[in-house]
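Taking it in order: structure first as structure tokens, then the write-up.
The values are calculated or read from the model by the stated rules, or taken from the named source; none is laboratory data. Quick caveat, the model's predicted, so the values are computed rather than measured. Positions of Cβ are backbone-derived with ideal geometry, glycine not excepted, and every protein chain shown enters the neighbour counts. SASA here: full protein model, heavy atoms, side chains in, ligands and nucleic acids out. Shrake-Rupley method; radii C 1.70, N 1.55, O 1.52, S 1.80 Å.
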Amino acid sequence: MKLIKYPSKEQWAELLKRPALNTESLFDTVRSIIDKVKVEGDKAVLEYEATFDKVTLSALAVSPKEIQAAGALVSDDLKAAISLAKQNIETFHSSQRFVGKKVETMKGVTCWQKSVGIEKVGLYIPGGTAPLFSTVLMLAVPAKIAGCKEIVLCTPPDKNGNIHPAILFAAQLAGVSKIFKAGGVQAIAAMAYGTESVPKVYKIFGPGNQYVTAAKQLVSLRDVAIDMPAGPSEVEVLADASANPTFVAADLLSQAEHGVDSQSMLITTSEQLQTEVMAEVERQLAKLPRREIAAKSLENSKLILVKDLDEALELTNAYAPEHLIIETENYMEVAERVTNAGSVFLGSLTPESAGDYASGTNHTLPTNGYAKAYSGVSLDSFIRKITFQEILPEGIRTIGPAIEEMAANEHLDAHKNAVTVRLKTLI
């Protein structure tokens, strides 16, 4: 990790750069895969599974027998942990239910909204070195609460054609409708356009590598909605002299082991903490099974010393981290001043991994600075709000002349006439 002491504001932009890859450079390759899936459907997906995931499949759909068998392959302890996490995610997201109120804007003019679940949603769950069964819960649970009628899940199989049993168990527990053995660009294309097996969905959710990110961006241009722009995962710890260096190092490493392009940042007001964290990171890194991945990630990571909490907060809001851990003496006061972050973890006993798994909040969050404009996934991500209005005679008499005047001045005479013909019937 790089140690930086008292950087000037002119250095901030360079310091806060992410190791994000330019997905636009992948667009030509990704587009050719998408186009082939659009035309050839299942045949193309099966071919790409053989090419990219090195597996020969006879069918894409996971059978009920496979789902049932998965339960026996998951330990009771893991089942209990998944069930606890599901319960907390359900509790937190259920509290976000929208209740529309009828509002009379003027006498005889009533407006309101109704919340409706997106009928068909697609969930992409990465496999690879870390099969993210936790992400199944983070996406399927709120989708179910929102009332999505069809929840489609795609995830890459292993070389034997199997899906990780914990992914299948979590999917069944959370109420996923259909599960398919497909990864990468071909999975995104299958959900975006539909194939003989995979239903077309209206919105796609879930993380993935740079090819998946590029595919989501391309299909979202006109064919299907996506959850948010995405990039490599990241964490920032904002800490003062009261922070525990062992905790801080553990938090930085928990993010670093995600992938080689992840980023971990410490912004602190304590030079001693900066030094102690550096040593503690090296000590803990040596014991990690995924230390090669974490070590590569740490090359993108920084320990930044600033003069006071005001500067620390300004730098933090400029960075807009996906995950922000505040380990300061007065963390509640500091948290009030955070304006740009995906999810915030308060105090020394609140690790980012709690939000990744079981506290109840969602771990699908904006990265790459998008927290300045985007929220993380919530119940709202799976619903639409439809607006209604009703105008009674008293209402059209009151607002009709204003509508006529505004329409006339915009030279939209048919708009004006739509009101005029109604007003004439009321004379």
- request: Starting from the range 350-368, take each residue that is without any contact (Cβ under 8 Å) to a residue 60 or more places away in the chain and list its partners that are β-branched (Val, Ile, Thr) and surrounded by 18 or more Cβ atoms within 10 Å (Cβ to Cβ), counting only C-beta distances under 7 angstrom and pairs at least six apart or across chains.
  value: GLY355/THR361
statement: Of those in the range 190-219 that are among the hydroxyl-bearing types (Ser, Thr, Tyr) and more than 15 Å from LYS38 (Cβ to Cβ), the residue surrounded by the fewest Cβ atoms within 10 Å (Cβ to Cβ) is TYR202
message: Quick check on LEU412: is it free of Cβ contacts under 8 Å to residues at least 24 places away in the same chain, closer than 29 Å to ALA81 by Cβ and surrounded by fewer than 16 Cβ atoms within 10 Å (Cβ to Cβ)?
response: no
field: Some residue of the range 330-341 being closer than 30 Å to LEU78 by Cα and surrounded by 19 or more Cβ atoms within 10 Å (Cβ to Cβ)
entry: no
message: Please count how many residues of the range 400-409 are buried (at least 16 other Cβ atoms within 10 Å of the Cβ) and either farther than 25 Å from TRP112 by Cα or of a type outside the set (Gly, Ala, Ser) (or both).
response: 2
task: Under 7 Å between Cβ atoms, at least 6 apart or on separate chains: pull out the pairs that start in the range 241-252 with a residue that is closer than 15 Å to LEU305 by Cβ and end on any residue that is open to solvent by 10 Å² or more (accessible area, probe 1.4 Å) and not in a loop (DSSP other than H, G, I, E, B).
output: ALA241/GLN272; PRO245/GLU276; PRO245/GLU280
message: Suppose we filter GLU271, GLU311 for residues that are over 29 Å from ALA373 (Cα atoms) and either open to solvent by less than 30 Å² (accessible area, probe 1.4 Å) or at pLDDT 95 or above (or both); which single one remains?
response: GLU271
query: Considering only residues of the range 221-260 that are of a type in the set (Asp, Glu) and surrounded by fewer than 20 Cβ atoms within 10 Å (Cβ to Cβ), which is farthest from the chain's Cα centre (by Cα)?
result: ASP240
- prompt: Where in the range 333-427 are the helices (runs of 4 or more DSSP H), entirely inside, with at least 1 residues that are within 33 Å of the chain's Cα centre (by Cα) and within 28 Å of LEU309 (Cα to Cα)?
  reply: 352-357
- request: May I ask you to say which residue of GLU327, GLU394 is touching a residue at least 24 places away in the same chain (Cβ under 8 Å), in contact with a strand residue (DSSP E or B) (Cβ under 7 Å, 6 or more places away or on another chain) and over 29 Å from GLY208 (Cβ atoms)?
  value: GLU327
- request: Specify the residue that is surrounded by the fewest Cβ atoms within 10 Å (Cβ to Cβ); the eligible residues are those in the range 74-98 that are of a type in the set (S, T, N, Q) and farther than 30 Å from PRO157 by Cβ.
  value: SER95
- prompt: What are the residues in the range 61-73 that are assigned to a helix (DSSP H, G or I) and either charged (D, E, K, R) or open to solvent by less than 40 Å² (accessible area, probe 1.4 Å) (or both), if any?
  reply: LYS65, GLU66, ILE67, ALA70, GLY71
message: Tell me yes or no: at least one residue of the range 99-114 is under 26 Å from GLY360 (Cβ atoms), free of Cβ contacts under 8 Å to residues at least 24 places away in the same chain and open to solvent by 50 Å² or more (accessible area, probe 1.4 Å).
response: yes
Selection within the range 279-309 - over 30 Å from the mean Cα position of the chain (by Cα), over 21 Å from TYR331 (Cβ atoms) and in a helix (DSSP H, G or I): ALA279, GLU282, ARG283
- prompt: Name the pairs: first residue in the range 72-97 and within 13 Å of ALA170 (Cβ to Cβ), second residue aromatic (Phe, Trp, Tyr) and part of a helix (DSSP H, G or I), Cβ to Cβ under 6 Å, at least 6 apart or on different chains?
  reply: VAL74/PHE169; ALA85/TYR357
- request: Would you point out the residue of the range 128-180, among those that are aromatic (Phe, Trp, Tyr) and within 19 Å of VAL212 (Cα to Cα), that is least open to solvent (accessible area, probe 1.4 Å)?
  value: PHE180
